[in-house]
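A short worksheet on the structure shown next.
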Amino acid sequence: MTVDPNAATQGFPPPPAERPPSPVRYLLPALVAAAVAVGLGVYGKTHDPAGTAFNLAGFSSTGAVKSWLATVAIFFALVQLTSALMMYGRLPGPSWSSTLHRWSGRAAFLVAVPVAVHCLYALGYQTYETRVFWHSLLGCFFFGAFSAKMLLLRSERLPNWLLPIVGGLVFAVLTIIWLTSALWFFRTFGVTT
């Protein structure tokens with residue numbers, strides 16, 4: 001018996017058409033981001049501020065510690081921005097720019113966490129002044145947006161524009177947080193350790 005390879009196949013279903021990505025894949029990171037941001041805000045608002053959470057030897061105050069750690073975090077965020085531009089071909093860069101991007105992001109996050117812990121535990125969510133209000137609001141938003149970005153990294157078939165938009169939002173928010181805290185501290189009290 002011979003089989004004609006050009007004959008139409010009958011009895012086999014056609015291959016399934018590719019379905020567009022489900023909106024649920026974007027909804028879950030958004031819900032997690034909202035839960036993280038609101039949870040941090042509620043904790044900061046309901047927690048009685050302790051006044052201080054930590055201090056490091058060699059620094060004159062917790063404000064100086066926080067300001068310098070925040071400055072280190074913004075430095076690594078700038079490395080993140082530069083390496084992201086290299087990864088997306090907007091800047092020339094080495095083949096290891098994606099590794100630099102991952103590790104600078106980890107470093108920025110690890111340096112930012114003690115600052116956030118101090119802010120929430122020692123100071124709480126405060127609204128007594130416009131600068132402080134925006135700092136508190138955006139601090140909570142930052143960790144929510146960061147959580148969403150980490151979840152989106154694991155998603156497959158994302159639109160090409162989504163990750164750069166979320167990453168850019170995280171960078172912009174961290175920059176505003178730094179401007180309303182570390183830069184304000186250095187301008188008010190001087191560049192001290």
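The values are calculated or read from the model by the stated rules, or taken from the named source; none is laboratory data. It should be emphasised that the depicted structure is a prediction, and the values quoted were computed from it without experimental measurement. Positions of Cβ are generated from backbone atoms using ideal geometry, with glycine treated the same way; all protein chains shown enter the neighbour counts. Note: accessible area is taken over every heavy atom of the protein model, side chains too, but ligands, DNA and RNA are not part of it. Shrake-Rupley method; radii C 1.70, N 1.55, O 1.52, S 1.80 Å.
Worth pointing out:
- Normalised by residue number, the volume inside the convex hull of the Cα atoms of the chain is 198 Å³ per residue.
- Dipole size of the chain about its Cα centre, with +1 on Lys/Arg Cβ and -1 on Asp/Glu Cβ: approximately 220 debye, rounded to the nearest 20.
- Carbon + sulfur, % of accessible area of the chain - ligands and nucleic acids excluded, 1.4 Å: 69 percent
- Between P92, P29, P49, the GNM of the chain built on Cα springs shorter than 10 angstrom shows P92 fluctuating the most.
- Compactness of the range 134-193, expressed as Rg and Dmax over alpha-carbon positions, Å: 14.8, 48
- Accessible surface, the chain, averaged per residue in Å² (probe 1.4 Å): 64 Å²
- Among Q80, S98, W178 the positive-end extreme of the charge dipole of the chain (Cβ point charges): W178
- Computed from label points 7 Å out along Cα-Cβ, the spacing between M87 and A122 is 3.2 nm.
- Taking a sphere under 12 Å around the Cβ of W184 and counting the other residues whose Cβ falls inside, with K and R at +1 and D and E at -1, yields a net charge of +2.
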